[in-house]
Amino acid sequence: MNDDYVLSQLESLTADDYVRAFEALRGQMSESDMRLLRAHYEAPGHVITAAELAHKIGFANYKAVNLRYGLLAKKFLEFFGLSLTKYMKVNALVTLEKNNDKWEWTLRPQVIEALSKIGFG
């Protein structure tokens, strides 16, 4: 599967698609996964860096966030029957933008809405 195709498929997913995924994957999500999502959801504009996430939830550094978020996003990709090869797996849940030499992670709008629907709001 071409990564550009996969990214377009991710763009076409709805909040309800993500709600179904959250419901199906809830038993596979760790406490730290939920803390990551909550901290990201509560960030101003739902935008945060991995280093800021690490600080907010007490991880040692951004590398731990990258690993946990990547593993979580992989579960979503598998649920949706998608896979990414050259892009980071976190793209299943976020979009990335480099700003002043820092990568800012923005929750996808569908993920924000899904999190609201499952009680994060």
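The values are calculated or read from the model by the stated rules, or taken from the named source; none is laboratory data. Since this is a predicted model, take the numbers as computed values, not measurements. Cβ coordinates were reconstructed from backbone atoms using ideal geometry, including for glycine residues, and neighbour counts include every protein chain displayed.
List of remarks:
- Long-range neighbours under 8 Å by Cβ, at least six apart or interchain, first residue part of a loop (DSSP other than H, G, I, E, B) within the range 1-16, second at pLDDT 90 or above and among the small types (Gly, Ala, Ser): Met1/Ser83
Results for (1) at pLDDT 95 or above; (2) surrounded by 18 or more Cβ atoms within 10 Å (Cβ to Cβ); (3) touching a helix residue (DSSP H, G or I) at 6+ places or on another chain (Cβ under 6 Å), shown as yes or no for each residue.
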{"residue": "Met29", "(1), (2), (3)": "yes, no, no"}
{"residue": "Lys56", "(1), (2), (3)": "yes, no, yes"}
{"residue": "Phe59", "(1), (2), (3)": "yes, yes, yes"}
{"residue": "Val65", "(1), (2), (3)": "yes, yes, yes"}
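- Among the residues of the range 86-101, just one is hydroxyl-bearing (Ser, Thr, Tyr) and not in a strand (DSSP E or B), namely Tyr87.
- Residue list for the range 1-16, filter: over 12 Å from the mean Cα position of the chain (by Cα), farther than 16 Å from Gly119 by Cα and not β-branched (Val, Ile, Thr): Met1, Asn2, Asp3, Asp4, Tyr5, Leu7, Ser8, Gln9, Glu11, Ser12, Leu13
- Test set (1) modelled with pLDDT of 95 or more; (2) outside any strand (DSSP E or B) - Glu104 fails condition number: (2)
- Selection of the range 72-90 for residues being modelled with pLDDT of 95 or more and either over 17 Å from Met29 (Cβ atoms) or of a type in the set (Phe, Trp, Tyr) (or both) yields Phe76, Phe79, Phe80, Gly81, Leu82.
- Selection from the range 43-81 of residues that are among the basic types (Lys, Arg) and farther than 21 Å from Asp16 by Cβ: Lys56, Lys63, Arg68, Lys74
- When the residues of the range 17-41 are filtered to those that are touching a residue at least 60 places away in the same chain (Cβ under 8 Å) and of a type in the set (Asp, Glu), the one that is nearest to Met88 (Cα to Cα) is Asp17.
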